[in-house]
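Please read the structure below before turning to the comments.
The values are calculated or read from the model by the stated rules, or taken from the named source; none is laboratory data. Since the structure is predicted, the reported quantities are computational estimates derived from the model, not experimental observations. Here the Cβ positions follow ideal geometry from the backbone for every residue, glycine too, while neighbour counts run over all protein chains shown.
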Amino acid sequence: MVSRIADANASATDYTVWDARRETHRGAAMTVVTRRAWRRDDLAGMAEVINARVTEEGEGEYATVASLAEQYDHLQNCDPDRDIVVLDDDRGRLVGYARTFWHDVSEGYRAFYVAFEAMSSIAGLSEQLLQCGVDRAQEIASEPEHRDHPDRRLEVWANDGSFRQRAVEAAGFSPFSWSAYLVRPHLEDVPELALPPGVEIRAVADDHLRAIWEADIEAFRDHHGYVEQTEVDWERFVDEASSGTELWQIAWDADGVAGQVRTYVNEGEAEHLGRRRAWTENISTRRDRRRQGIAAALIAASLRQLATLGFDEAALGVDLDNPTGALGVYTNLGFVEVLRQIHYALPIAGGR
């Protein structure tokens, strides 16, 4: 049996046949997958697809409507009507999507990103969605504002050992950087780490937000893959803060924000995991304050706070090429690697 993908705006006979199957208890069955435009009310279905992958892979970060809204309410260099494709199965269930967008990266190249998710139970769906995203990215790259850029690259990510990784590598992408998810599996024996003299943690006030955001930007400017931030990113940051800053650990000195850990909790993640997890994320230290123990002290303070609130564990993501030695800081605090993520690139031919 074969599955087929139909365009919701086309005639009933206008479709592409896929050699794809959905496995059921009765064996292989034909699945009609319909392509349509994205709608904001797709966020719940998109979260379900992401969470199915995280459950299958055994680790990662579960998505919520709120976490996706932070992204999709502040899209940049992405036209939702043209750059997002959504697929529904024959029961009207969202089973996959692909989004294409672009940014200029600090190393001097222009990256055209393909973000895609697909239900693994429909064989071939990941490959087809990846190809949809690649095709659209190449269309965008050929437009007048992009086609003469001397260094244009397609970029995509996949977790090590996943079905996505097989699809990405089969499409000709090559790995160029690595990151990892780390978990501290308990909140016992958290060390008491002192901040340097003249540095203190302050509760977050509304009039602190801009300084916290700008300090984070400045701290990451020397990291590979940095993308210059805009006022749209500021609006997204304000949305993040509106979800609550009670778990943030922000260190100040006489010159302003010296370091930060903006811990958060994903609603409903405990139900997926069977334990309460918080994310000690968005970690940065002002460059003239690096290697003074500020990040470690702030993470430790966050872990102690989480313990008092009844959480079971903490998690974070780390760029394994981080120039500040972040991985060593995290492992010294008891975090262990649970999942590795690979970032892939594929040069786009042409350009000057």
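Below are the figures for this structure:
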{"item": "Check on E214, of a type in the set (D, E, K, R), over 18 Å from H103 (Cβ atoms) and assigned to a helix (DSSP H, G or I)", "result": "yes"}
{"item": "Residue within the stretch 234-241 that is in contact with a Pro (Cβ under 7 Å, 6 or more places away or on another chain) and either buried (at least 20 other Cβ atoms within 10 Å of the Cβ) or among the β-branched types (V, I, T) (or both) present", "result": "no"}
{"item": "Test: E228 is closer than 30 Å to A44 by Cβ and outside any strand (DSSP E or B)", "result": "no"}
{"item": "Qualifying residues in the stretch 178-194 (those that are of a type in the set (G, A, S) and part of a strand (DSSP E or B)) - the one farthest from L306 (Cα to Cα)", "result": "S179"}
{"item": "Residue in the stretch 119-131 that is assigned to a helix (DSSP H, G or I), closer than 30 Å to E228 by Cβ and within 17 Å of the chain's Cα centre (by Cα) present", "result": "yes"}
{"item": "Residues of the stretch 39-97 satisfying the condition of being in a strand (DSSP E or B) and touching an Asp or Glu at 6+ places or on another chain (Cβ under 7 Å)", "result": "V86, L94, V95, G96, Y97"}
{"item": "Residue check for A219: under 23 Å from L333 (Cβ atoms) and under 26 Å from the mean Cα position of the chain (by Cα)", "result": "yes"}
{"item": "Test: L316 is surrounded by fewer than 17 Cβ atoms within 10 Å (Cβ to Cβ) and either at pLDDT 95 or above or of a type in the set (S, T, Y) (or both)", "result": "no"}
{"item": "Extreme residue, farthest from A115 (Cα to Cα), among residues of the stretch 170-199 that are in contact (Cβ under 8 Å) with a residue 40 or more places away in the chain and surrounded by fewer than 12 Cβ atoms within 10 Å (Cβ to Cβ)", "result": "G198"}
{"item": "Close pairs (9 angstrom Cβ cut-off, 6 or more residues apart or separate chains): in contact (Cβ under 8 Å) with a residue 12 or more places away in the chain and among the hydroxyl-bearing types (S, T, Y) in the stretch 116-135, part of a helix (DSSP H, G or I) and surrounded by 17 or more Cβ atoms within 10 Å (Cβ to Cβ) anywhere", "result": "S120/R53; S120/S126; S120/F163; S120/R164; S126/F163; S126/R164; S126/A167; S126/V168"}
{"item": "Of the criteria (1) buried (at least 23 other Cβ atoms within 10 Å of the Cβ); (2) more than 20 Å from G172 (Cα to Cα), which one H149 fails", "result": "(1)"}
{"item": "Every residue from the stretch 319-349 that is closer than 18 Å to H186 by Cα, under 22 Å from the mean Cα position of the chain (by Cα) and surrounded by fewer than 19 Cβ atoms within 10 Å (Cβ to Cβ)", "result": "T331, V336, E337, V338"}
{"item": "Conditions (1) in the same structural domain as V190 (by TED's automatic domain parsing); (2) free of Cβ contacts under 8 Å to residues at least 24 places away in the same chain: number failed by A349", "result": "(1)"}
{"item": "Qualifying position, being outside any helix (DSSP H, G or I), farther than 30 Å from E337 by Cα, among the hydrophobic types (A, V, I, L, M, F, W, C) and at pLDDT below 50, among A6, A20", "result": "A20"}
{"item": "Cβ-Cβ under 7 Å pairs, at least 6 apart or on other chains, the stretch 310-329 side over 14 Å from Y181 (Cβ atoms), far side among the polar types (S, T, N, Q)", "result": "D321/S177"}
{"item": "Search result, residues across the stretch 332-352 that are among the β-branched types (V, I, T) and over 18 Å from V318 (Cβ atoms)", "result": "I348"}
{"item": "Residues of the stretch 189-219 satisfying the condition of being under 25 Å from L303 (Cβ atoms) and either modelled with pLDDT under 95 or acidic (D, E) (or both)", "result": "D189, E192, E200, D216"}
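Each row is one residue, and each column tells you yes or no for (1) part of a helix (DSSP H, G or I); (2) of a type outside the set (K, R); (3) out of contact with any helix residue (DSSP H, G or I) (no Cβ under 7 Å at 6 or more places or on another chain).
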{"residue": "I250", "(1), (2), (3)": "no, yes, no"}
{"residue": "A258", "(1), (2), (3)": "no, yes, no"}
{"residue": "A270", "(1), (2), (3)": "yes, yes, yes"}
{"residue": "Q292", "(1), (2), (3)": "no, yes, yes"}
{"residue": "I299", "(1), (2), (3)": "yes, yes, yes"}
{"residue": "S302", "(1), (2), (3)": "yes, yes, yes"}
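For (1) surrounded by fewer than 22 Cβ atoms within 10 Å (Cβ to Cβ); (2) at pLDDT below 95; (3) in contact with a strand residue (DSSP E or B) (Cβ under 6 Å, 6 or more places away or on another chain); (4) within 16 Å of T64 (Cα to Cα), each residue gets a yes or a no:
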position: L247; (1), (2), (3), (4): yes, no, no, no
position: W252; (1), (2), (3), (4): yes, no, yes, no
position: E267; (1), (2), (3), (4): yes, yes, no, yes
position: L273; (1), (2), (3), (4): yes, no, no, yes
position: E281; (1), (2), (3), (4): yes, no, yes, no
